[in-house]
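*Asks:* Take a look at this one; I'll ask things after.
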Amino acid sequence: AVAQVAEPILGAGMNLQIPVLLLHLVGGIVGYWLPKLTGFGEVKSRTMAIETSMKSSAFGFLLAKLHFGDYIARVPSAVSVVWMALTGSLLAVVW
């Protein structure tokens, strides 16, 4: 499915990559610190950080495919799938 939008992804370059990466990084950071500051323990805070950083980009891709005819609407979700997998997996391995 990501191959369908390969050309727009490559054409967008870092103007697309950086915001999508930041979305998942900020999600992980907030997903850790908000529970931590509200009294949750370390394990639960880490779990919420991983879960928050790995929100379903594939679902966004599917919604864009179902509700928008243009392939370009799928581009952010397609990029997000990759960053979601990388950031979530990295957090899981490091912690």
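The values are calculated or read from the model by the stated rules, or taken from the named source; none is laboratory data. None of the values given here were measured: they were computed from a predicted structure. Cβ placement follows ideal geometry from the backbone for every residue including glycine, while neighbour counts extend to all protein chains displayed. Just so you know, the surface numbers come from the protein's heavy atoms only, side chains and all, with ligands and any DNA or RNA stripped out. Shrake-Rupley method; radii C 1.70, N 1.55, O 1.52, S 1.80 Å.
*Asks:* Calculate, for the chain, the solvent-accessible area per residue in square angstrom, rolling a 1.4 angstrom probe over the heavy atoms of the protein chains.
*Replies:* The answer is 64 Å² per residue.
*Asks:* Regarding the chain, what are the three Cα extents along the principal axes, ordered largest first, in Å?
*Replies:* Largest first, the chain extends 45, 26, 19 Å along its Cα principal axes.
*Asks:* Moving on to the next point. Would you list the membrane-span-like helices of the chain, meaning whole DSSP H runs whose alpha-carbon atoms span at least 24 Å along their axis and whose mean Kyte-Doolittle value is at least 1.0?
*Replies:* Helices passing the filter in the chain: 14-37, 75-94.
*Asks:* Go through Leu21, Ser89, Gly60 and say which Cα lies farthest out towards the positive end of the charge dipole of the chain; charges sit on Cβ, +1 for Lys and Arg, -1 for Asp and Glu.
*Replies:* Of the options given, the answer is Ser89.
*Asks:* Only Lys, Arg, Asp and Glu count, each charged at its Cβ (+1, +1, -1, -1), so figure out the dipole size of the chain about its Cα centre, rounded to 20 debye.
*Replies:* 220
*Asks:* Considering only protein heavy atoms and a probe of 1.4 Å, how much of the accessible area of the chain is carbon and sulfur, as a whole percent?
*Replies:* Within the chain, the accessible surface is 73 percent carbon and sulfur.
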